[in-house]
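Working notes for the structure below.
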Amino acid sequence: MAITKAKSIKGEITIPGDKSISHRGVMFGAISEGITELTGFLDGADCRSTIGCFRAMGIDITQEADHVIIHGKGLNGLSQPSAMLDVGNSGTTTRLISGILAGQDFVSSLNGDESIQKRPMGRIITPLTEMGAYIKSIKDNGCAPLEIGGSKLSAIHYNSPVASAQVKSCVLLAGLYADGTTSVTEPVVSRNHTELMLSGFGADITSKGLTASIVGGPKLIGQKIAVPGDISSAAYFIVAGLICDNADLLIKNVNTNPTRAGIIKVAQAMGGNIELLNERIISGEPVADIHVTTSHLHGCEVSGDIIPTLIDELPVIAVMAACADGTTTIKDAAELKVKESDRIATVTENLKNMGCDITPTDDGMIIVGGKPLHGTTVNTYLDHRIAMSFAIAGLVADGETTFDNEACCSISYPDFFKTIGAIVNR
């Protein structure tokens, strides 16, 4: 696949379903009673890993493209899998399912690909152990593969050192199997899809300030959930519409939950022409159509409480910053180091290769924008967000931009390059 400079970008697009909500819909449906129906499900590799894990535990799940039906068996209806659960490349699957497995009366194990085996799981091992769970890093290195389950859980109040929806959700899901009320307090509020969706399924769950709390032992009832478009996938086209010449793009049906939509605030702070149209609520989540046009951007600082609301979008925000006048500083984002790749290193490497003035820091990067970019071969490190971010950079770069592996985009956006082809004129 080769990307070349776009003369214009025009059109309307609908991007794939929200990955976070798709994962949770399958998981919560599996431990609910009755049928859960998901429409707009993200049919990507990560979400298929979640389906595979619950099928392995005896849950009947049917899927036709973006339509998924889960026949739930209730909180205690899972069966011991006959083999190690395969979470693939999915950190969300790994951490959230660990909370559910911790409450089972059987012991199971899980593992994933090479990337998953390097990602830090101590951040869930610690609170689950505090709850009385049996959870072990099989290689004793704080990473997968993990062995989990077979213990009675006790409710705790956990002060999480990181603002992570995966950690918070893991503890709250374990709290479903504990007596009493389990609470998680974060340094900054992370995305709240778990709280919104579990409430819809019937859990007694509350949020107050930085703390989310859940009461153990609820009866969860299957739901119908319309999954909105994923703002993390929309982000690439938001940036494309702002940095490319002659751009006028409408991105329809996007989840604009404020715990996820930090990229909109950053784009506005950088002078981007961005509008939210047709705002509404679907299945408890705020949704809008996003209209973007070519903009004259300027640098800004991206830091503090906004970081958890755009952590997955920082690679493409860095591309946007490279095309803006002045300096953009990204900080308080050390979490980038423990994603599918070390995204501070991978963003820096690839933007430098394209001619950008960028300096990595311990918790982010400093980007001096405005220099012309030129095509390169992108080193993706099998990280879908790196591949897609630099495909967007290729739309404004001279020459050709190619990839050592573009297939990794299938993790979250299987038709990504097809969408580019539908809107770009060269």
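Only the coordinates and a few stated rules stand behind these numbers; no lab work does. Here the structure is a predicted model, which means the values were calculated and not measured. Here the Cβ is made from the backbone with ideal geometry for all residues, glycine too, and neighbour counts use every protein chain on show.
Things worth noting here:
- Paramagnetic reach from Asp305 (point 7 Å along Cα→Cβ, amide N under 15 Å) across region 194-237: 208-211
- Maximal additional length on extending the Ala83-Thr14 stretch stands at 21.1 nm, based on 0.36 nm per residue less the C-alpha distance.
- Close amide H pairs (under 5 Å, H built 1.01 Å from N) link Ser8 with Asn425, residues at least 5 positions away or on another chain.
- Modelled spin-label separation between Ala407 and Gln268, with each label point placed 7 Å from Cα along the Cα-to-Cβ direction: 4.2 nm.
- Modelled FRET efficiency - R0 41 Å, Lys418 with Ser199, Cβ distances, 0.05 increments: 0.70
- Hull volume per residue, based on the alpha-carbon atoms of region 19-226 and their convex hull, is 98 Å³.
- Put the Cα centre of region 164-196 next to the Cα centre of region 58-74 and the gap is 24 Å.
- Straight Cα distances below 17 angstrom link Lys136 to the lysines Lys118, Lys152, with same-chain residues fewer than 8 positions distant left out.
- Straightening the chain between Thr62 and Thr185 buys 40.7 nm, computed as 0.36 nm per residue apart minus the Cα-Cα spacing.
- Overall form of region 237-346 per C-alpha gyration tensor (a/c, 1.5; a/b vs b/c): oblate
- Rg and Dmax of region 117-258, Cα atoms only, in Å: 18.4, 60
- Relative contact order, percent, region 360-426 [alpha-carbon distance under 8 Å, six or more residues apart]: 32
- Of the three principal axes defined by the Cα atoms of region 98-158, the extents in descending order read 33, 24, 17 Å.
- Overall, the anisotropy analysis places region 30-131 in the oblate class: the square-rooted eigenvalues a ≥ b ≥ c of its C-alpha gyration tensor yield a/c not less than 1.5, with a/b not exceeding b/c.
- Averaged over residues, the count of other Cβ atoms within 10 Å places the peptides 16-22, 283-289 in the sequence 16-22, 283-289, highest first.
- Computed from the C-beta positions of Lys136 and Ile281 and an R0 of 35 Å, the FRET efficiency is 0.25 to the nearest 0.05.
- Most to least packed among 41-49, 312-320 [average Cβ atoms within 10 Å]: 312-320, 41-49
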